[in-house]
Each structure stands twice: as C-alpha cells, then as structure tokens.
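To start, the structure itself, in structure tokens.
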Amino acid sequence: MIKIPQQVIEEEKNYRAKVEDLKKGLIEPERFKPYRVSMGIYEQRDNDTYMIRTRIPSGVIQLSQLKKISELAKAYSHGYIHFTTRQDIQFHKVTIEDTVEIMEALLEVGIVTKGTGGNTARNIACSPLSGVSKDDVFDVTSYALAATEYSLKDPTIFNLPRKYKIAFSSSPEDTGNATIADLGFIAKTLNGKKGFEVYGAGGLGGSPNVSIKLEDFIPISEVLYHVQAMKDLFEEEGDRTNKNKARIRYILQRLGEEGFKARYQEILQKVKLEKNIKVSIYEEIPSKSIGKQVNVLNPLVVEQKAEGFYSIYVHPQNGNLPVENLDKVIEFIDALEYEPSIRLSNTQGFFVRDLKGSDAEKLLDIILKFNTPFNIDNSIACAGAATCKLGLGLSQNLLTAIVKRFKDEEEDIKAQLPKVFISGCPNSCGQHQKGEIGLYGKAKRAVDGLVPMYGISFGGAVGVGKAVLGTEYGSIPAKKIPEFFYQLAYLKSKKRIINFTEFVGRNLEEVKELIQQFSTIESESENPDLYYDFGADEKFSLKGRGPGECSAGVLDVIKLDIANAQSHINDFIKTKKSAKLYEASVSAARALLILKGIDTAKERLIFKEFVQHFIDTGYVKEDVKVLIDHLLDYKLGDLNSVESHYEDVKYLIDRVSQMYESLNSKLEITLPKEKETLEIKEAAGNNKEKSLHVVDLKGIKCPMNFVKAKIEISKIQSKETIGFYLDDGHPIKNVPNSLEAEGHEIVEINENFERYNLLVVKKK
C-alpha cells in the first residue's frame, strides 16, 4: 500500500461540506462539477445518478479493501461493481449523497478517489502479473507505486492541461500498455543492471498514436525524474485552450519527433539539476515454500515462475461483477492458511495470484460458475451509452449479444476469435484501437432514420517493436455484429490458421468481402430491428448524449465566474440596481482565486484574498481597494448605493478577464502588471522593438533555439509578427533559414546589438 498524503486525505474529508453547500445552493452545480470530477465522480445519463471511481494504485489491492468494496456495493450501488481498463473499481448509479458515504468509508481502508477523474495523473498502470510472471525481466510494481506516491504529493498534478497516463510493464510483451501511454516504462537489463526503456506521447482516442521511444535505457533510480519531466513538459507545452487538442500526443504532432525529444531532454536535464528524487527501493526476496504442481489446461490459470504456484484470472462479463460472486472469491481466499496477492488487470478483471496448485484448482471450480475460458466471452466493453454521456452505442449490450450468439456453438468455433475491444464511441475507453479486433460506436443516417453502427478494425497490438494501432476496414450495423463475428470465426476455422492477425493478413479480401456483406442497411420496412440498439425500446437517437466531464477543471470555474460577473453587470445596466454591481464584483474577484487554491463563497474573504493576491501584487490598480471598501459598506447597509462605481466594476471585470486570457500553459498570469504596463507605454514611443513581442533565445544552442522558435510561432495567428533574440554565429545563421524553409517570412534581422541579434518573423 502507498502512503496517502495528508493533503489528499483532508480534501476527501472536506468533500462532505462541499456536497452540503451544493444542496443548500451555496455552490452552483456548474462550479461543483470540476471539483467532483477531480474526485472521480461523474454524472451519468440517468437523472441524479453518479459513478464514483476508486484509485487502486497499479491494481494492487488488499483483501480487507476488497471486503470493504463489497460491503459498499451492497449498500449503495445495487450489489454491483465495475472493473475498468485502468485497474480501478467503479460504483455505478449512486446518488450524490451516497458518494460522500462511499468516499469516507474507502478512506478508512486506505483507498482514495482524488485524481481518478479530471485533468490529472490517472491511476498509474502496471503489468498485473509483475513479480510472478515467467516472462518478467524484473518486478516493476514497487516503481509504479513509488511514482504514484510521488505524484499524489504534488498538488499541481491535479491541474494539468488534460489527463496524464503513466504505465509500467515488466517485460517487452508490454502487458501494462507502456507503448501506448503518455509516459511508459518497460523493464530491461543492461550489463546485469536493472533499468527501463522509456516511451512517451502515445495514446488512444482522437488522433491516436503509439508512443515514441525516448530512452533506450535508464537506471531504475531515475524513474521519478522522467515522471516529473514529462509532467513539466505537459504543463509548459500543453494546450489548455482547446480540450480536444490538449493531450501530450498533440505536442508531439506539433513539434515533430525530433523537436519533441529535444524539448523533453532539455526539461529532463533541468529537473535533474534542480531536484534530488532518485528512487531507492529495497527489494526483499520472498521466501516461499514449493507449491504443488497441477496439470490444468485452462487459459484462466497461469503458471507462475515459482514452482507449484498459480494465478487465476477472474473476468466478469463487461467488467460488471455482482458482489455475490465477488464474495465467493473473498470467502475462499479468507479461508486459506496463507495470503495470496490480488491484482486488478487492465482488461476489466482481476488476478488472484500466488495460489498453491490444489487451491488454484478449487478456485477455478468456483469461478467457472460465472466465468468462461473463451476469449470472446472475456472481451472488453466500455460503459457506452447506458451511462456515459459521450456514448453513442450500447456497447455492453452488444458484447452480451455477441456472447449469447456463441454460447451454444462448438468449442472449436468459440475458441477462434481473440478478445474483442469495444468502445461506445470513438474515444477508445474500451481501447478498441489496440485490439486485434476493435469496435467503436458510431451513428449513420439512413433514409428511415439513424442506425447504430460500429467501425471495425483489425491488427492492433502493444509491445516493444510491435506496437501498432488497428486498421479500420469498414462499418457494420450493431444488430448484425454478432452474426458477423460468428461467420468470421467459421471462416477462420476453415483456414486452420491459429493466429488471428495472420489469418486476416492472409485472407484479407475474403474478410473485406464479409464486412461488405454485413455492412448493408435495409429500409425500416425490410429490417426494422436495425434502427434499434441492443436492449433499447426506442428507435436509436442521440437523445441524452452531451459533453463529457473528463476534462472539467479550473478553467471551467474561472470562465463561469467571469460569465456570471458579466451577466450581473448587464443586469445592472437594465435595472440600475446596486445589488447587481455588488454581485458582479464578487464573481469577478472570486474568478482567479482558484489559481491560488482558494474556493470560497464567503464574500468578505473573497475580497480580502483578492486584495492580497492581485492588488497588492500589482496586477490590479490600487484604486480597486476603495471600490471594495465601498462595496462592503453597501453590503452592511452603511451606503445606499454604489451606482457611481459602475466604471470601476467594469474595469475590475475587464482586468480579471485580461488576466484570464493571459494565462500560460502553467496557469501563470503573463499580463504585465499595471505599473509595468504604464512604464512600457511611456518608454515605447515609436520604438518598434518595444511594441513587438520578443522571445529571448540568447544562450540557447542549435537546434533547440529553432524548436523553441517554432513553439512560440505556433502560439500566434497567421500573418502576426514575433521577434527573437539570437546569439551571433550559428544561431543567427541557421534559425532564419530554418524558419524560412517552414514558410514563414523573415521581416528583419537587426544586428545592432553586442553579441546577439533581433530576428523578426511573420507567421505564414
């Protein structure tokens, strides 16, 4: 278990008060949303129901914690829990009041929910059989947990441009998905020393790509330097203004592979100079008796590297496990005279590890009552449109229909297909892009209405030297998918090729023909069933679909307060009511306080903190202190009106808006302070250099100066002008040529400086 920082514990304890403020109307639902999302609590499609996600660090869970989860599921989530593809557990369809009870009860057994949603470092993934697998290079679990503990200590990790996903794998097979992660570590040895290959900037969903290799080998002690460096790069280069382009892979797309690597190395070296965060882990060699070997040919049973010990894989259909079945596993483990380990997988299930042979056989008998050994039955499906607001298709109902179609078929047919990865929309929560078979939900408009469809892809894989995204081959109506898979399995059985990807490659034309055959959409009169999704009573539509909540964060809160301030001052213009000026001022003053870790509804405190953080520091002119004094007097009844302060309130709102617009990727205010602005205006006159935005690249060598110049140019609009200070020699010779080759116009090179130059560039 990890040590949970006290700050995180206190935040979770304060959650009850926030919910009470929401119920009393002291916090708007829109303002509460980013807060609850950061706590792993998402609104579902059913009115007033929520999902709460736990953080199970790298899937490592204790029996006592599993018991508590079972207990809470019975009390609050209708007797079910859901296993995720990120080694977490979720409670679904709970009330907002119940999320309080669940969170506090989980805290008692060392489980937190903070950071499992929103713009933060998500659960750090780890190979679920690390430490016991026969193909282990070494056990990476301790390093994954060290990264989790380190990340949770940093309050800024909860306020990134978007989510940050880290993964550790114990072998080149990459069962932790490191080769498709924002930052991935794969165990490796070099000259007898343990270390990692390092990967980065991968990810699924929109504009997906596999990770690029950043380091061929690093010592195990340097893991946290890379965790910090990628986080710093994300903060500095991530796009906070466009949530659809905010992931780390978009930085890679903008800078190019060489530019990204150079920027990463620059930040990494800076981190190494400024911090001492070497990892030192004492690895205790476990003393284990030899277990009894058994001969069980079942894919749910994994023989471990320790002789006579086994792991059993438990996979509930769709990841949804009734606690009555969970309790059977818990009771079995509890009755053993020794303590097996439990590890959640990234395939919506979990392993019971370190079982002696005879005990593995007994547990297998128990789980086979609700588990099957066939890959097709143990496929992966995200929540989809049943609960998720972004979902298009009822993905879990589709998987249920697929399983039903194969239920009574011969075992040879059932064994033909690999696991299918199903996402209810293109966002890849079901990881369809990495699957040998992948499906994602989409909608197609036919003459008689919308038809639920699934795009189908083949050939996805993870692993060193073989990571690749699946190739899409077409779309099939949802209702035809189960029969399509049966026909696909039948075709493969005739070809007698074991490997599915090899089968597709060698029989691609026949496979394409099969897809084409099933892709036709008949009219509603010919086939009315096509216009309904699985388990739906109404014709397919996009009803209930709305914006997702994953990206809700600080900027949403700031924008809400500024919008409220503007709305109140507009109301004042219509009504001339001083109360509206007061409300506008409170909203404006509160907007940016969240950047300082302050989020309160107490108006006097809002004004006090605003003075301290924004007036006393020079960002807002001193005169606003007089406005605040008069506003407080008005609130106390000592003034009848503040109507004469309309222009002051308007200035306050405009100034706060300008500070918000000036926030950089690290959420730092870059707007010049009021005094600085005045000095610049007085000194500028007709001096072109002073009125030009100039980036100082002095002391930065080639090619890093070119990379930094590209980054700055990417931030401005086409035809806008920007300046760069560059050293004499190679910098002023090379950078203009490189930028000109990119299509930008070199406006001027001013050499009238000592040992440096001013380069002026107009963006193409």
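The values are calculated or read from the model by the stated rules, or taken from the named source; none is laboratory data. Since the structure is predicted, the reported quantities are computational estimates derived from the model, not experimental observations. Heads up, the Cβs are rebuilt from the backbone with ideal geometry, glycines too, and the neighbour counts pull from every protein chain shown. For accessibility, only protein heavy atoms count, side chains too; no ligands or nucleic acids. Shrake-Rupley method; radii C 1.70, N 1.55, O 1.52, S 1.80 Å.
Counting helices only, and only those DSSP H runs with n ≥ 4, report the 222 nm mean residue ellipticity of the chain as the sum of -39,500 (n - 2.57) divided by its residues, in deg cm²/dmol to the nearest 500. Dividing the helical sum by the residues of the chain leaves -12000 deg cm²/dmol. With 27 Å as the limit, the listed pairs LYS213/LYS710; LYS608/LYS673; LYS188/LYS708; LYS261/LYS698; LYS74/LYS543 have LYS188/LYS708; LYS74/LYS543 beyond it between alpha carbons. Once you reduce segment 595-622 and segment 633-652 to the center of their Cα atoms, the two points are 18 Å from each other.
For each pair in LYS67/LYS362; LYS275/LYS596; LYS114/LYS193; LYS165/LYS442, compute the distance between the two Cα atoms and list the pairs where it is over 28 Å. Over 28 Å Cα-Cα: LYS114/LYS193. Shape class of segment 193-245 from the alpha-carbon gyration tensor: oblate, with a/c at 1.5 or above and b/c at least as large as a/b. Cα-based values for segment 43-148, radius of gyration first and Dmax second, are 14.8, 48 Å.
When the surface is traced with a 1.4 Å probe over the full set of protein chains, CYS388 keeps roughly 50 Å² accessible. Taking every Cα-Cα distance in the chain and sorting them into 20 Å bins from zero, the calculated P(r) comes out as 15, 43, 33, 9, 0 percent. The residues of the chain have, on average, 44 Å² of accessible surface per residue, using a 1.4 Å probe with all protein chains present. Computed from Cα atoms, the angle from the helix 63-76 axis to the main principal axis of the chain rounds to 80 degrees.
For the set ILE456, ILE9, solvent exposure ranked by accessible area (probe 1.4 Å, protein chains only) runs largest to smallest as ILE9, ILE456. On the principal axes of its alpha carbon atoms, segment 320-453 extends 64, 35, 26 Å, with the longest extent given first. The stretch between ASN14 and HIS78, if pulled fully straight at 0.36 nm per residue, gains 20.4 nm over its current Cα-Cα span.
Measure out, as a whole number of angstrom, how far apart the alpha-carbon centroids of segment 692-764 and segment 322-368 sit. Taking the Cα centre of each part, segment 692-764 and segment 322-368 sit 62 Å apart. Sorting the Cα pairs of segment 708-761 by distance into bins of 10 Å, from 0 upward, gives 24, 59, 16, 0 percent per bin.
Give me the percent relative contact order of the chain, please, defined on Cα pairs under 8 angstrom at least 6 residues apart. Contact order relative to length: 10 percent. The solvent-accessible area of LYS275, taken with every protein chain present and a 1.4 Å probe, is close to 80 Å². Computed extension gain for THR49 through GLU526, at 0.36 nm per residue and net of the alpha carbon distance, reaches 167.9 nm. Note on the chain: with neighbouring protein chains present and a 1.4 Å probe, carbon and sulfur make up 48 percent of its accessible heavy-atom surface.
Computed log10 I(q)/I(0) for segment 488-624 at 0.12, 0.15 Å⁻¹: -0.69, -0.89, from the Debye equation with unit scatterers placed on every C-alpha and solvent omitted.
Only protein heavy atoms count here; on that basis, with a 1.4 Å probe, GLU71 has an accessible area of about 100 Å². The lysines whose alpha-carbon is closer than 19 Å to the alpha-carbon of LYS414, local same-chain residues fewer than 8 away aside, are LYS369, LYS404, LYS480, LYS492, LYS494, LYS495.
Its Cα centre serving as origin, segment 355-420 has a Cβ charge dipole (Lys and Arg +1, Asp and Glu -1) of approximately 400 debye.
Distance from the C-alpha centroid of segment 171-194 to that of segment 1-35: 36 Å, rounded to the whole angstrom.
Relative to the longest principal axis of the Cα atoms of the chain, helix 29-38 runs at roughly 60 degrees.
Calculate how large, on average over all directions, the projected area of the Cα convex hull of segment 167-321 is; give the answer in nm² to one decimal.
Result: 13.3 nm².
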